[in-house]
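*Asks:* Got a structure for you, questions after.
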Amino acid sequence: MSFSGLSDFIALLDKKGELSRIKIFVDPVLEVTEVTDRITKSYGKALLFENTGTRFPLLINAYASDTRMSMAIGRNNLDETGKEIEVLFNNLTSTGGALISKLTMIPGLARLTGFLPSRVSRRGLCQQVVQKEPDLGILPVLKCWPHDGGRFITLPVVHTVHPVTGKTNAGMYRMQILDKTTTGMHWQRHKTGAGHYEAWKKTEKRMPVSVSLGGDPVYAYAATAPLPENIDEYILAGFLRKKKVKLVKCITNDLYVPDDADIVIEGYVDPAEENVLEGPFGDHTGFYSLSDFYPLFHVNCITHSENAVYPATVVGIPPCEDAWLTKATEKIFLAPVKLALQPEIQDFHMPDAGVAHNLVIVKINKTYPGQGKKVINSLLGAGQMMFTKYLAVVSGETDIRNYRDILLEIFNNTDFRTDLLFTSGPLDVLDHSSDILSLGGKLGIDATVKMQEELAGKKVFTGDYMEEAILAYLKKFPETIVNIGVLPGLPLAAVALKQSEDPQAVETAVRIFLDAPAESVSRLILTVDNAVDINDWYTVAWQMLGNTDPQRDIRIISDNSILIDGTVKAFRKGGFPRRWPNIVCSAEETIRTIDQKWESLGIGVFIPSPSLKNSKLFREGNSEVMAGEES
């Protein structure tokens, strides 16, 4: 099923009972985010803010359920999509294996099904209203979090073209509003948009850029999908919605955008200009991504349909709306990964707490020794998987979305001396934990069931741990260990340290565990800051995954036990070589405002702000970041 603009999609959401309309004024500056964060984390409906102070209503939280995500890509459910793609890919492989050497088989798939995008010569629906004296102030652009550098367009599809190859890209890159006609363009160094920008630099010409907002909701998903570089995102969009995408030429440049987009912002980037300071921004990692220098985008023209709706999303401490786009990717890209990269892969999962790239769990059909390590080595260099920090590989009948089962597989099948593969490589630019920007440590965990050849010299760990003994021993050290949490039936402990007062707290904790009797040490020990609720294992996992560099922060306690230091590194002795970001949460004033407005919003029973709990992790007295000391 396809949609002609967001109004079409909104009508279906309304019909299916998946939409809440908010008629009173809610300020796009901070207030929309606070309402949305409450609804998203409560697994509520899509929200249509009808009074934004502009002519445009604002749609948000539209993807944040399995049902709505399936609707957005024109399917009854995500499993249906995955199965359809697998059947088609299997058909392609049966006609000749040479076609399946890379993920570049996707164009062949599109030709097979007739869903290649087409260009039309007429004006588009997105060009019913043309403003050649543009003003970005007409749009209800969000300021999401109190320490954001300004307002950000959060769901833009940014269109560029390579000046030499002519290959196009439709990617999603946030855009900070600087004034009426300029924005920052957050092209991270690893992204295709950044590659196009570098190519345009060599031409000494202005780089045309056009940004579409809205249209069929599948466009936003396609722009975020992990497609190989130079593969047209509208091929994937056409296949998913079972209808080719019609593209129209922009008015002030030669780029093409979807005919049914709600809003289009046309302009250019001049590579000869100095980059501008962009950020900070409360990001999908749950931390502020810090201010840095990025290209300046100039707006020449704004066009829109007569009934245009402005789309937006909010990211922050997970889970947020982007978690459902990640779930869709797990289903849609399983078949391409299996058939093009690793045929033994049966499933993969990116847990919410790992914010897509900090943790990936892979299940394989294991048939020979060393296969788990082979998959680790291959995937850590494959496409966007190169950003993964922790990669765990399991085999057998394990449900990789049952985290207790996964932990049991790791504890039962992993010898910490031989089954942990440490390496280093590229990290997402948004990762704050590594000593060097976008470069740091990684860990592969071979938790597959071991074959006879792999068992030679390995130790069998029975898991005879006494929770009472662990708690009793650690409580002897209150000056270092503020709080302790254990998971019943699992050799896992979380330990809270007051590192802000004692920069040596982690080292002291390591010594405590090294000196402990065997029955008083868990196999896996996670240290976090004392502000973290160690009984909230989701938050413990999010903090540990976000705050660690595996090569630097994993300590070997014994053959049987490791400690992972998930504390804030800005407090460690000597500080941290980079600025350390604060966590993302709403300000008290915004929370009170929405509390008072809640009943008049008409969206159901009162939901407390998630920021009330998360604010305990926010370091008071700091504005945008918590700076480390000089090393």
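Every number in this text was worked out from the coordinates using simple rules, so none of it is lab data. All values derive from a computational prediction rather than experimental measurement. A quick note on method: Cβ atoms are made from the backbone with ideal geometry, for glycine too, and the neighbour counts reach across all protein chains shown.
*Asks:* So what is the orientation-averaged projected area of segment 467-567, using the convex hull of its C-alpha atoms, in nm²? The partial results should precede the final answer.
*Replies:* On the way: hull surface 23.2 nm².
Approximately 5.8 nm², given one-decimal rounding.
*Asks:* Dipole magnitude of the chain about its Cα centre, charges +1 at Lys/Arg Cβ and -1 at Asp/Glu Cβ only, in debye to the nearest 20?
*Replies:* Numbers: 66 positive and 77 negative charges, 328 e Å.
Taking the Cα centre of the chain as origin, the dipole is about 1580 debye.
*Asks:* If each residue's Cβ is checked for other Cβ atoms within 10 Å, how do 160, 329 rank with the fewest at the top?
*Replies:* Final ranking by Cβ density, sparse to dense: 329, 160.
*Asks:* Residue separation times 0.36 nm, minus the C-alpha to C-alpha distance between residue 616 and residue 377: what's the value?
*Replies:* Numbers: separation 239, 0.36 × 239 = 86.04 nm, distance 3.86 nm.
Gain on extension, residue 616 to residue 377, equals 82.2 nm.
*Asks:* Let me check I've understood the local charge: for residue 220, count other residues with C-beta under 14 angstrom from its C-beta, Lys and Arg +1, Asp and Glu -1. What total comes out?
*Replies:* Value of the local net charge: -3.
*Asks:* Taking Cα atoms, how many degrees apart are the long axis of helix 78-94 and the longest axis of the chain, rounded to 10 and kept between 0 and 90?
*Replies:* The angle comes out near 90 degrees.
*Asks:* Give me the net charge of residue 262's neighbourhood, meaning all other residues with Cβ under 13 Å from the Cβ of residue 262; Lys, Arg count +1, Asp, Glu -1.
*Replies:* -4
*Asks:* For the chain, take the longest principal axis of its alpha carbons; what is the angle in degrees between that and the long axis of helix 31-41, to the nearest 10 within 0 to 90?
*Replies:* 50
*Asks:* Would you order 122, 75 from fewest to most other beta-carbon atoms within 10 Å of each residue's own beta-carbon?
*Replies:* 122, 75
*Asks:* Less than 15 Å Cβ to Cβ from residue 141, Lys/Arg counted +1 and Asp/Glu -1: what total charge do the surrounding residues give?
*Replies:* Once all neighbours under 15 Å are counted, the net charge is -2.
*Asks:* Moving to a separate point now. Along Cα→Cβ, 7 Å out, is where each label goes; now give me the distance between the ones at residue 556 and residue 138 in nm to one decimal.
*Replies:* It is 6.5 nm.
*Asks:* How tilted is helix 588-601 with respect to the longest principal axis of the chain? Cα atoms for both, answer in degrees (0 to 90, nearest 10).
*Replies:* Computed tilt is about 60 degrees.
*Asks:* Okay, next question. Longest segment of the chain with no GluC sites (Glu not before Pro) in a DSSP loop having at most 14 other Cβ atoms within 10 Å?
*Replies:* Numbers: sites that count: 204, 229, 273, 274, 306, 397, 479, 501, 620, 629, 630.
Counting only loop sites that pass the neighbour cut-off, the longest clear stretch is 1-203.
*Asks:* To the nearest 0.05, what FRET efficiency results for residue 449 and residue 274 with a Förster distance of 56 Å applied to their C-beta separation?
*Replies:* About 0.50, to the nearest 0.05.
*Asks:* Also: Work out how much length residue 588 to residue 469 would gain on full extension: take 0.36 nm times their residue separation and subtract the Cα-Cα distance, in nm to one decimal.
*Replies:* The residue 588-residue 469 span can extend by a further 38.7 nm.
*Asks:* Apply 1/(1 + (r/R0)^6) to the Cβ-Cβ distance of residue 439 and residue 118, taking R0 = 45 Å, and write down the FRET efficiency to the nearest 0.05.
*Replies:* That gives a FRET efficiency of 0.60.
*Asks:* Could you work out how far the C-alpha centroid of segment 360-414 sits from that of segment 59-78, in angstrom?
*Replies:* Centre-to-centre distance over Cα atoms comes out at 28 Å.
*Asks:* Could you work out [θ]222 nm for the chain from helices alone, using -39500 (n - 2.57) per DSSP H run of at least four and dividing by all its residues? Round to the nearest 500 deg cm²/dmol.
*Replies:* Numbers: 18 runs with 169 residues, N = 631.
Dividing the helical sum by the residues of the chain leaves -7500 deg cm²/dmol.
*Asks:* Right, here's the next one. Among bridges DSSP assigns within the chain, what percent are antiparallel (round to 5)?
*Replies:* Here the share of antiparallel DSSP bridges comes out near 70 percent.
*Asks:* By how many nm would the segment from residue 128 to residue 422 lengthen if fully extended, with 0.36 nm per residue of separation less the alpha-carbon distance?
*Replies:* Here the answer is 100.3 nm.
*Asks:* Karplus couplings for segment 386-396 from phi (6.51 cos²θ - 1.76 cosθ + 1.60, θ = phi - 60°), rounded to Hz, Gly and Pro as x?
*Replies:* Working through the residues one at a time gives 5, 7, 5, 8, 10, 10, 10, 10, 10, 9, x Hz.
*Asks:* What order do you get for 511, 523 when you list them from fewest to most C-beta neighbours inside 10 Å?
*Replies:* So the ranking, lowest neighbour count to highest, is 511, 523.
*Asks:* Quick one: if you stick a label point 7 Å off each Cα along the C-beta vector at residue 401 and residue 50, how many nm between them?
*Replies:* In this crude label model, residue 401 to residue 50 measures out at 3.5 nm.
*Asks:* Magnitude of the Cβ-charge dipole of segment 467-567, K/R +1 and D/E -1, about the Cα centre, nearest 20 debye?
*Replies:* With only Lys, Arg, Asp and Glu charged at Cβ, the dipole is about 120 debye.
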